[in-house]
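Taking it in order: structure first as structure tokens, then the write-up.
The values are calculated or read from the model by the stated rules, or taken from the named source; none is laboratory data. Model, not experiment: these values are computed from the prediction. Every residue, glycine as well, gets a Cβ built from its backbone with ideal geometry; the counts of neighbours run over all protein chains shown. All accessible areas refer to the heavy atoms of the entire protein, side chains included, with ligands and DNA or RNA removed. Shrake-Rupley method; radii C 1.70, N 1.55, O 1.52, S 1.80 Å.
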Amino acid sequence: MKIVVLGAGVIGVTSAWYLSQDGHDVTVIDRQPQAGLETSFANGGQISVSHAEPWANPGAPAKILKWLGREDAPLLFRLRADPKQWGWGLQFLLECLPARTQRNTLTILRLGLYSRERLKALRRETGLQYDHLESGILQIHTDPGEFEAAHGRVALLRSHGCEMQVKSMAQCLELEPALRASRLALIGGTFAPDDESGDAHQFTGNLAELCRLRGVHFGYEHSIEALQVEGDAVIGAMLRDPDGQRSVMRADAFLVALGSYSPFVLGPAGIRVPVYPVKGYSVTVPVVRPEAAPILCLSDETKKTAISRLGNRLRAAGTAELAGYDTSLNSARCNAILARLEQLFPGAGDYAGAQRWAGLRPATPSNVPLVGRTRYRNLFLNTGHGTLGWTLACGSGRAAADLMGGRRPEVDFPFC
Ligand SMILES: Cc1cc2nc3c(=O)[nH]c(=O)nc-3n(C[C@H](O)[C@H](O)[C@H](O)COP(=O)(O)OP(=O)(O)OC[C@H]3O[C@@H](n4cnc5c(N)ncnc54)[C@H](O)[C@@H]3O)c2cc1C
């Protein structure tokens, strides 16, 4: 089958990989000059199945109210006159109901466990390198109430197949000796030994190159303007090149993996998807004193920040802001992440030389991605991965390829 994948982020490229492995003739289209230059560019780097619990959980509404208007809040709703934002926000509140949170957590967990296995298999097959670490993720706490709540989460995740352990502060220091110099009052942690980390941008770029060597075509610097539909099928994607020239790309089937921008291409074809951008930031610093820098991937649970050691770099990423499609850097939010990283690992990195970045998570209110078919028989979705797109990429890419090939995916998931 001739298949066009729309979007060359981590989701589009992993999908293209599995589709080409299945023997399809695959073309990937993206407006950028390379793969992985938008949200997959400088994310937290975590393959964190242990973070299956979505942001929409019973504790979220009180926190959002407490943080409303605070510039450095980990989760910030900037209320706008945008009905899509309000609709998304109301749906988010609904997903905070305990039963919904539990269902969403377990759904994401199943896809996460499957995805991590697929990632390991892909690494075995290809030897792909991307500054990855396979030494687990340590979630550290400074807030006693949140640490207590984490115990319950550990029990739930463990009973559903995700290995996790509660750690005393002494055990945390054994696992990550660099925390001894921390200026924060840490109280303990939870450890997910099978979680991983790595540079999602390197992964996406290197996998795109492997795809190219296998015969996948990449049409970069082409904007997708619309889908051409006829009856119950999509017959083409309307593209525009940098010179403004328009063309139509025809194929037997199409997969939409356009991240936060998926609704703009799907909406005019009559398909509404509850994907809204949730902005986050990262800072990346060169490691200057390796002995002071972490050897593990960590999560600062109180500030909802991921901290990854990516080769000789240290990255901290986090915060969530509903602010539409604005990708400008907010220095208060970036500086809050940077200051926290420096407090945790004083002297480890060149903090003055930090590279700052902002990206838009393509989030559904439940954080459960949209993978599967649409009402057009040859149009498929792989989008809406929110906070966990890098974690869920290989599993949802494999599953999307299975569905497009008419096979039942191996993972139990509510496919569209
Ligand atoms: C601060 C931050 C930290 C994060 N940390 C983690 C983490 O630690 N672990 C984790 O699992 N996830 C993390 N995430 C989430 C993860 O990065 C995303 O879920 C993932 O990158 C989404 O991938 P994607 O391919 O769907 O989107 P993208 O990477 O944005 O790809 C979409 C592609 O579509 C293209 N495109 C869009 N519209 C058009 C158009 N009209 N025409 C042509 N091309 C178009 C874009 O150029 C882009 O390349 C984080 C996100 C942020 C912002």
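For Ile224, the test of being away from the ligand (no atom under 13 Å from the Cβ) and among the aliphatic types (A, V, I, L, M) is failed.
Among the residues of the stretch 369-399, those that are open to solvent by less than 30 Å² (accessible area, probe 1.4 Å) and away from the ligand (no atom under 16 Å from the Cβ) comprise Thr374, Tyr376, Asn378. Val26 meets all of the listed conditions (1) crowded, with 20+ Cβ neighbours inside 10 Å; (2) more than 21 Å from the chain's Cα centre (by Cα); (3) over 26 Å from Gly397 (Cβ atoms); (4) of a type in the set (A, V, I, L, M) but one, namely (3).
Residue by residue, here is whether (1) within 16 Å of the ligand (Cβ to nearest atom); (2) closer than 30 Å to Ile235 by Cα; (3) surrounded by fewer than 24 Cβ atoms within 10 Å (Cβ to Cβ) holds:
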| residue | (1), (2), (3) |
| --- | --- |
| Cys334 | yes, no, yes |
| Ile337 | yes, no, no |
| Ala363 | yes, yes, no |
| Ala401 | yes, yes, no |
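If a residue has to be among the small types (Gly, Ala, Ser) and not in a helix (DSSP H, G or I) to count, how many in the stretch 1-40 make the cut? Result for the stretch 1-40: 7. Of the residues making up the stretch 51-109, those that are in a loop (DSSP other than H, G, I, E, B) and either closer than 23 Å to Leu392 by Cα or open to solvent by less than 20 Å² (accessible area, probe 1.4 Å) (or both) are Ala52, Glu53, Pro54, Trp55, Ala56, Asn57, Ala73, Pro74, Cys96. Listed by first and then second residue, the pairs with beta-carbon distance under 6 Å, at least 6 apart or on different chains, first residue in the stretch 258-284 and open to solvent by 10 Å² or more (accessible area, probe 1.4 Å) and near the ligand (Cβ under 8 Å from one of its atoms), second assigned to a loop (DSSP other than H, G, I, E, B) and of a type in the set (Ser, Thr, Tyr), are Gly259/Thr39. Tell me whether the stretch 293-308 contains one or more residues that are under 24 Å from Thr190 (Cβ atoms) and surrounded by fewer than 17 Cβ atoms within 10 Å (Cβ to Cβ). Yes, the stretch 293-308 contains a residue that is under 24 Å from Thr190 (Cβ atoms) and surrounded by fewer than 17 Cβ atoms within 10 Å (Cβ to Cβ). Residues that are in contact with a Leu (Cβ under 7 Å, 6 or more places away or on another chain) and among the hydrophobic types (A, V, I, L, M, F, W, C) within the stretch 31-59 comprise Ile47, Val49, Ala52, Trp55, listed in sequence order.
Quick check: is even one residue across the stretch 233-241 at pLDDT below 95, within 13 Å of the ligand (Cβ to nearest atom) and assigned to a loop (DSSP other than H, G, I, E, B)? Scanning the stretch 233-241, I find no residue that is at pLDDT below 95, within 13 Å of the ligand (Cβ to nearest atom) and assigned to a loop (DSSP other than H, G, I, E, B), so the answer is no. Kindly provide the set of residues from the stretch 37-47 that are open to solvent by less than 20 Å² (accessible area, probe 1.4 Å) and more than 6 Å from the ligand (Cβ to nearest atom), ordered by number. The answer is Ala42, Ile47.
Of all the criteria given as (1) under 16 Å from Leu213 (Cβ atoms); (2) more than 7 Å from the ligand (Cβ to nearest atom), the one not satisfied by Val4 is (1).
When Thr142, Thr204 are checked against the criterion of being of a type in the set (S, T, N, Q), surrounded by fewer than 21 Cβ atoms within 10 Å (Cβ to Cβ) and touching a residue at least 40 places away in the same chain (Cβ under 8 Å), a single residue qualifies: Thr142.
The numbered conditions (1) over 26 Å from Thr126 (Cβ atoms); (2) free of Cβ contacts under 8 Å to residues at least 60 places away in the same chain are all true for Leu213 except (1).
All conditions but one from (1) part of a strand (DSSP E or B); (2) within 16 Å of the ligand (Cβ to nearest atom); (3) without any contact (Cβ under 8 Å) to a residue 60 or more places away in the chain apply to Phe191; the one that does not is (2).
Does the stretch 39-52 contain any residue that is under 23 Å from Leu266 (Cα atoms), modelled with pLDDT of 95 or more and within 19 Å of the chain's Cα centre (by Cα)? The answer is yes, given that some residue of the stretch 39-52 is under 23 Å from Leu266 (Cα atoms), modelled with pLDDT of 95 or more and within 19 Å of the chain's Cα centre (by Cα). Among the conditions (1) under 29 Å from His201 (Cα atoms); (2) more than 16 Å from the ligand (Cβ to nearest atom); (3) of a type outside the set (Lys, Arg), Pro98 misses just one, which is (1). Contact annotation: residue pairs with Cβ atoms under 7 Å, 6 or more positions apart or on different chains, pairing a residue in the stretch 12-30 that is among the small types (Gly, Ala, Ser) with a partner that is assigned to a loop (DSSP other than H, G, I, E, B) and modelled with pLDDT of 95 or more, are Gly12/Ala257; Ser15/Ala257; Ala16/Val216; Ser20/Arg214; Ser20/Gly215; Ser20/Val216.
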